[in-house]
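Chemist: Provided herewith is a single structure, encoded as structure tokens, for subsequent inquiry.
Just so you know, all these numbers are worked out from the coordinates, no wet-lab data involved. All values reported here derive from a predicted model rather than from experimental measurement. Cβ atoms come from the backbone with ideal geometry, glycine included; neighbour counts cover every protein chain shown.
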Amino acid sequence: MTLEIVANAGSVPWLESFSIGHDRLDHEHRRLIDSFNDFCAFAATTPRPTRLRENAHALIATVEAHFASEEAIFPLIGYRHRLSHMREHLDVGNRLHSLLLNDTGLEPAAAGAAGRLVFVEHILRHDLEVKTWVLHAAGL
């Protein structure tokens, strides 16, 4: 999927298949997908780079706070791959900084859509692995 297709795709809905079985983290994931959708819509309509940059900083800070929440449950559920998952969090954060705060040559809405894709891919490729550990810890 090209960035152009992603940028023109509109909003990404929350899907129950994104759920990892932890209420707080699922709520944060849902809220972050909504925040990325809002950022993309705002980026497509605002002519004010300063406001866009402020929103990008706020979005990245919210993602980083979510990663801290996620990492806090790893020892509680006995998650054995936490160090590699934490490295993935650092990579996602770096990619978001690059896309949303640096001049990548992308239109702001396309950069936001690319950032949203990075986050959703993280959920699908890494957080769903955590789901097994969450369910096991809950006795399910």
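Chemist: Of all residues being free of Cβ contacts under 8 Å to residues at least 12 places away in the same chain and part of a helix (DSSP H, G or I) in region 86-134, which is farthest from the chain's Cα centre (by Cα)? Just the residue, please.
Modeler: THR132
Chemist: With the requirement that a residue be of a type in the set (S, T, N, Q) and either free of Cβ contacts under 8 Å to residues at least 40 places away in the same chain or in a loop (DSSP other than H, G, I, E, B) (or both), what does region 56-71 give you?
Modeler: Listed by number, the list holds a single entry, THR62.
Chemist: Right, next: Looking only at region 68-106, which residues are more than 30 Å from ARG53 (Cα to Cα), crowded, with 16+ Cβ neighbours inside 10 Å and charged (D, E, K, R)?
Modeler: Within region 68-106, just ARG82 meets the criteria.
Chemist: Suppose we filter region 18-55 for residues that are surrounded by 18 or more Cβ atoms within 10 Å (Cβ to Cβ) and not in a helix (DSSP H, G or I); how many remain?
Modeler: Of the residues in region 18-55, 3 are surrounded by 18 or more Cβ atoms within 10 Å (Cβ to Cβ) and not in a helix (DSSP H, G or I).
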